[in-house]
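A.B. asks: Next up is a structure, given as structure tokens.
The values are calculated or read from the model by the stated rules, or taken from the named source; none is laboratory data. Remember, predicted model here, so these are calculated numbers, not experimental data. Here the Cβ positions follow ideal geometry from the backbone for every residue, glycine too, while neighbour counts run over all protein chains shown. Heavy atoms of the whole protein, side chains included, go into the accessibility calculation; ligands, DNA and RNA do not. Shrake-Rupley method; radii C 1.70, N 1.55, O 1.52, S 1.80 Å.
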Amino acid sequence: MRPFTYERATDAAGAVKAAAATPNAKFLAGGTNLLDLMKLEIEHPAHLIDVGRLPMAQVEDTPDGGLRIGAMATNSHVAADARVRSRYPVLTQAIVAGGSGQLRNKATTGGNLLQRTRCAYFYDTTKPCNKRQPGSGCGALEGLNRNSAIFGASHACIATHPSDMAVALAALDARIETLSPSGEARAFPIIELHRLPGETPDVETHLIPGELITAVVLPPPPKGGQAYRKVRDRASYSAGLASVAVVGGAVALGAVAHKPWRAVEAESALAAGASPAEAIAAELKAASDNGRNGFKINLVSRLVPAAVEEARQQGRGE
Amino acid sequence: MSSVSDWESTSNPVKENRAGIIGKAVDRYEGPLKVTGTAPYAYEVEPPSPPAYGVMLSAPIARGRITAIDTAAAEASPGVLLVWTHRNSPAQGPRPERYDFFTPSPRPALESDRVYFFGQQVAVVVADTLENAQAAAALVQVTYEDDAKTVDFHSSYAEAVQPPGESDVEIGDFEAGFAAAPVKIDDVWRTPLQNHCQMEPCATTAWWDGDQCTVHTSVQMVRFAQNSLAETLMVPHKNVHLLTRYVGGGFGGKGSFYEDLVLAALAARELGRPVKVAFSRQQMMHGTVHRPATEQRVRLGAMPDGRLTAMSIMTVTHCDRRGNFTEHASNFARSLYAAPNRLTGHRLVRLDLPVASAMRAPGEASGTLGLEVAMDELAVKLGMDPVELRILNEPEVDPETGKPFSIRQLVRCLREGAQLFGWDKRNPTPGQVRDGRWLVGVGMAAAIRGNFLLPAKASFTVDAQGVITVKQGMTDIGTGTYTVLAQIAAETLGVPLGDVRVEIGDSELPPAPGSGGQFGAATAGSAALDAGMNLRQAIADIAVADPASPLFGGPAEQITFQDGVIAIANRSERLSELIRRNRPEGLTADGEIHPAADSSKWSQHTYGAHYVEVGVDPVTGEVRTRRMLGVFAAGRILNWKTARSQLTGGMIWGVGSALTEGNAVDPRYGSLINQDLAGYLVPVQADIGEVEAIMLDEVDDKANPMGIKGVGELGISGAGAAVANAIFNACGARVRDYPITPDKLLAALS
Amino acid sequence: MKTTITVNGEARELDVDPRTTLLDALRETLGLTGTKKGCDHGQCGACTVLVNGVRINSCLSLAVMHDGDAVTTIEGVGTVGKLSAIQQAFLTEDAFQCGYCTPGQICSALGMLQEVADNWPSQETGDLTAQIRLTDDELRERMSGNICRCSAYPQIVAAIKSVAGELA
């Protein structure tokens, strides 16, 4: 790791102020992704602002019957929260499908959303990667791209977003609350948090530099069942080949795009009475095959109907 | 010189096992240190003064030349003590053109401007702290000139050659036999490049005292590494003291040693202070060794009743440009099934890839993934039970050499395994059994792995407290060496296990070859037994000659050793008292073992049978192992507990090789796609259901004086094939390109 | 930076480089080498320690982040002369071979049993609203963040089960 300075923030306002005042500063929460990348010389902040102890680790009821999850709430605490388990089981299922117990105990809600891709070409600093080094090219595009995106990719980048949690949040229509460097609070739908790669895959979110995620807000649980399914090479502690969150009529896909992918075509088709298989086929018309990731098209076409069916059964059981 | 007939006809304390310590489920000797975290591995040994930290830099190209180096920024970086590249690294012994595991030779680090493989170490930075060394290493600027490279195995078959000194082995007329066979299997299986992924990355702590170099490192072969390091440093062998007391996994990957050892020793000499150097996890993947990929063409010809008339495995594999290693995936088939017409052999492609070498059960681990599935496919084609097909083709003598088997209980393994597993409840039609979202299937395979014995020495010392100390330049890489040596000592000298000390992993102790090829226990243990017998003799000679001993004047050959007491009939005294009177400084005896001159008269192997139940999700192509049973025949078992763990560990390696493990080469760069443990997937706890290993009663008196054989590599042999066969039974799909991942299985199912 | 961490019950005042991970502070600064470095990237679990009773990967945490925290390492779990129940169980069941992942497995198991006692769910948990039962599959899933390349997995399950009742 390159040398950096470190400070611990005591309140959110101070944290964003410090970020605005210090060049090349980064927020450090759980550290499970940022420190990994710093050790590999992929990230090299000059200053770390430790926000891990900010008083934003609570899960609270909102007046409209939803939940506000503090950005510093660990993945484990959110997954274990009784209200999340009973009202938003898809979120618990998604969280516990990710990482390991140890990682979930450290990883935070905000950090999970902002984790970077696991693309092997991003991780290998000897390879071209437009995300890591803009303009260097994409090693995955014509490479061993089994894990790459099938939706929304560009010629500059076919990396995927690795979060499980974010897929469930996308299906739940969660909202993100932030504090900007100037101290302004704002809120927006999670689906507007992450960007597609386009020409600038190094810019991964719509956050402005120095903006801090303070909370994730869940609307009241929608009607209908919920289900999360993740497919992977080994039974645990590994990234997904594809995942799906179903919440009522909402369908979000993971490990298939640069962001949690709301399958809006499939949702429209379902709403219009199509079968789950027909619905996902409509979505997959836009999917691309870069050589080795094409199997994900077949996989998603089989996985989504199974998850929709599981959610419907669960919904009927309520 | 040893002879098999001597071994068979001579009794010894291990065979007699009077105290019952041999075979017992004894806890690991070094276990208390390991469960408390107090066993110091190489990087954790406390040096005489605070160490400096070395971090290596690896080449980002597969083949070429270093054209420019700029170390100025690194040298100016805080805390940096030294930056070495090939331009300023110290003089070292010259690398031989070809080298092997058993012949020590120099292995110079940073030797030239040539890059032979991606990940080759090209620089080292030593600094006062690990953080400073890591930061400075990233500042070393190296410019390369790329040469044309050949790295893609499957498109390079045209360059395959017969491995040096080898020829194909044909018995009968394979082509004619195969052509005439009414039932045939002719398919190709592929196994990928695999990485050892020992939990402890290679690491060394080194320091010098005058011209004496002390290194604590993590290797499987003590004397080999010590001699090789001395020759690299260009100092006499005796000037290097190499210790490797605790090794965090080897599996063949630490059979050799790497730049951490050489650079730590060189830098410690240069700086006059201890230096520690470790590989990063990422550096382990390219910078050490790997199991090379194979492509195996398996052809079986059979009569309608199942009798094999022709069989062939031809394997193509690869090694590095300067190497000679051949993954002998065809060899085991020469002894497994009877068939009059047989053809086996290998072809080797040299590629600009990292160094290929041995990984747990080299040959068998890869080869059984082909033949043992081919046998399953043949059984399906014939409409036979695959267990019965194997039993039908059981040979009476070695089918190629005609030699008798030393002992062969494969059929018993197959039958007992089938019974214990409930094989008779199997539905032979695929895709019929469901459990929730899972299709459930069962499969089986045979296991075979060769047995070996190498020369070794050992010494036993008894002190005035009656404590026996075993000394041997042997290693314990998790195999149980400490424990079985203690058991042999306790049983041989008739003392409680608590009165035995074991010192191994030290080049100043009597040499033993080390751990590998599942020869460790037999080799080290046989030398230890000899030392123990010689110590008994020396004790007896002293006792009958000591007028102060109750045993004085008695017949030395009648002395018994039990519970720390030596006795002739009703005359006895404590062993400690005899030693205190006669040899207060302790009494030492040496022992040794050599392979028997006549051992090649027999075909000698270990055997087993695997039975596996898997679940296949037909929607996603995911496979989960639900239940595994292995029944093994591997000679006398020294320690039920450690042997069973070796076997179950090997079986789980089989699951990894079948389902998740494999590394792929990106041909544009000559590098491996998976460079860490998030990319290269070894099994985790959730991948593994119930696992049981049964060890049959067996003694192989032709193997060595103890009648034991190895178990470390038998468990993996065939296990992956049983998983693959269970997948077929579950869902009706065959994937012959390992590992059987969801993408491939979905393609086969669709 | 000045950082005070209570390690195995003893307050330790450190002056650490901000870059120093908790793992390297334990191993290189404090000489507590029982905590192992297997991958240094959160991919193996060998570095697992308990921070304020909760298991984490110490390789993916900076020492300075733990000012004021209480850390338990394997050295705080038991000693050769006085093995804790879980250490004895690992020894009895032969739940390790090379031993390198073992301290992490043991610390992880202790943290995991507390998580079960606190009724935290896992991927194996069917009914998220019911009380968790530590079935074999639950145990396997919850211990999947600790890789054992020697593959002592069945023995690890046996060892943890043998003490789960008294520790949980």
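A.B. asks: Residues in the range B:220-228: is at least one open to solvent by 10 Å² or more (accessible area, probe 1.4 Å), under 11 Å from residue B:104 (Cα atoms), among the polar types (S, T, N, Q) and within 25 Å of the chain's Cα centre (by Cα)?
C.D. replies: There is at least one residue in the range B:220-228 that is open to solvent by 10 Å² or more (accessible area, probe 1.4 Å), under 11 Å from residue B:104 (Cα atoms), among the polar types (S, T, N, Q) and within 25 Å of the chain's Cα centre (by Cα).
A.B. asks: What tally of residues in the range B:7-21 results from selecting those that are without any contact (Cβ under 8 Å) to a residue 24 or more places away in the chain and outside any loop (DSSP other than H, G, I, E, B)?
C.D. replies: 2
A.B. asks: OK, next. Among the residues of the range B:626-653, what is the count of those that are polar (S, T, N, Q) and either away from chain C (no Cβ under 11 Å) or open to solvent by 10 Å² or more (accessible area, probe 1.4 Å) (or both)?
C.D. replies: Total satisfying the criteria: 1.
A.B. asks: Among the residues of the range A:282-318 satisfying the criterion of being among the small types (Gly, Ala, Ser) and open to solvent by 50 Å² or more (accessible area, probe 1.4 Å), which is farthest from residue A:251 (Cα to Cα)?
C.D. replies: A:291
A.B. asks: Separate question: Within the range B:286-293, does at least one residue satisfy the condition of being under 21 Å from residue B:51 (Cα atoms) and of a type outside the set (A, V, I, L, M, F, W, C)?
C.D. replies: no
Here is a yes/no grid of residues against (1) of a type in the set (A, V, I, L, M); (2) in a strand (DSSP E or B):
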{"residue": "B:176", "(1), (2)": "yes, no"}
{"residue": "B:198", "(1), (2)": "no, no"}
{"residue": "B:204", "(1), (2)": "no, yes"}
{"residue": "B:215", "(1), (2)": "yes, yes"}
{"residue": "B:220", "(1), (2)": "no, no"}
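A.B. asks: Something else: Can you pull out the strands (runs of 3 or more DSSP E) entirely within the range B:22-125 that have at least 3 residues that are open to solvent by 40 Å² or more (accessible area, probe 1.4 Å)?
C.D. replies: In the range B:22-125, B:64-70 are the strands (runs of 3 or more DSSP E) which contain 3 or more residues that are open to solvent by 40 Å² or more (accessible area, probe 1.4 Å).
A.B. asks: Answer yes or no as to whether residue C:75 is within 11 Å of chain B (Cβ to nearest Cβ), out of contact with any Phe, Trp or Tyr (no Cβ under 7 Å at 6 or more places or on another chain) and not in a helix (DSSP H, G or I).
C.D. replies: No; evaluated as a whole, the condition is false for this residue.
A.B. asks: Can you go through B:727, B:694, B:673 and tell me which one is more than 7 Å from every other protein chain (Cβ to nearest Cβ) and farther than 16 Å from residue B:626 by Cα?
C.D. replies: When all the criteria are applied, what remains is B:694.
A.B. asks: Okay, moving on. Does residue B:530 fit the bill of being closer than 20 Å to residue B:708 by Cβ and acidic (Asp, Glu)?
C.D. replies: So residue B:530 passes the test.
A.B. asks: Right, here's the next one. Using the structure shown, decide if residue B:181 is free of Cβ contacts under 8 Å to residues at least 60 places away in the same chain and aliphatic (A, V, I, L, M).
C.D. replies: no
A.B. asks: Let me ask something else about it. Looking only at the range C:46-69, filter to residues that are in contact (Cβ under 8 Å) with a residue 60 or more places away in the chain, among the small types (Gly, Ala, Ser) and more than 8 Å from every other protein chain (Cβ to nearest Cβ); which one of those is most open to solvent (accessible area, probe 1.4 Å)?
C.D. replies: Of everything passing the filter in the range C:46-69, C:68 is most open to solvent (accessible area, probe 1.4 Å).
A.B. asks: Which ones in the range C:15-45 are touching a Leu at 6+ places or on another chain (Cβ under 8 Å), in contact (Cβ under 8 Å) with a residue 40 or more places away in the chain and farther than 19 Å from residue A:40 by Cα?
C.D. replies: Matches in the range C:15-45: C:26, C:32, C:35.
A.B. asks: May I ask you to say which residue of B:210, B:165 is over 20 Å from residue B:329 (Cα atoms) and surrounded by fewer than 19 Cβ atoms within 10 Å (Cβ to Cβ)?
C.D. replies: Going through B:210, B:165 in turn, just one is over 20 Å from residue B:329 (Cα atoms) and surrounded by fewer than 19 Cβ atoms within 10 Å (Cβ to Cβ): B:210.
A.B. asks: Let me ask something additional. In the range A:66-96, which residue that is out of contact with any strand residue (DSSP E or B) (no Cβ under 8 Å at 6 or more places or on another chain) and either more than 11 Å from every other protein chain (Cβ to nearest Cβ) or closer than 12 Å to residue A:221 by Cβ (or both) is least open to solvent (accessible area, probe 1.4 Å)?
C.D. replies: My answer is A:85.
A.B. asks: Which residue pairs have Cβ atoms closer than 6 Å, lie 6 or more positions apart in sequence or on different chains, and pair a first residue in the range B:534-556 that is of a type in the set (D, E, K, R) with a second residue that is modelled with pLDDT of 95 or more and assigned to a loop (DSSP other than H, G, I, E, B)?
C.D. replies: That search, which allows pairs on different chains as well, returns B:546/B:552.
A.B. asks: Also: Of all residues in the range C:95-143, which are closer than 20 Å to residue B:248 by Cβ and either at the interface with chain A (Cβ under 10 Å from one of its Cβ atoms) or surrounded by fewer than 24 Cβ atoms within 10 Å (Cβ to Cβ) (or both)?
C.D. replies: C:104, C:107, C:108, C:143
A.B. asks: Next question, about the same structure. Would you say residue B:599 is at pLDDT below 95, touching a helix residue (DSSP H, G or I) at 6+ places or on another chain (Cβ under 8 Å) and open to solvent by less than 60 Å² (accessible area, probe 1.4 Å)?
C.D. replies: yes
A.B. asks: If the requirement is being over 17 Å from residue A:161 (Cα atoms), small (Gly, Ala, Ser), more than 14 Å from chain C (Cβ to nearest Cβ) and buried (at least 24 other Cβ atoms within 10 Å of the Cβ), which of these qualifies: A:271, A:235, A:266, A:277?
C.D. replies: Residue meeting the stated conditions: A:266.
A.B. asks: Does residue B:334 satisfy the condition of being within 27 Å of the chain's Cα centre (by Cα) and at pLDDT below 95?
C.D. replies: So residue B:334 fails the test.
A.B. asks: When the residues of the range C:62-94 are narrowed to those that are in contact with a Cys (Cβ under 9 Å, 6 or more places away or on another chain) and polar (S, T, N, Q), which ends up nearest to residue B:245 (Cα to Cα)?
C.D. replies: Once the filter is applied, the top-ranked residue is C:73.
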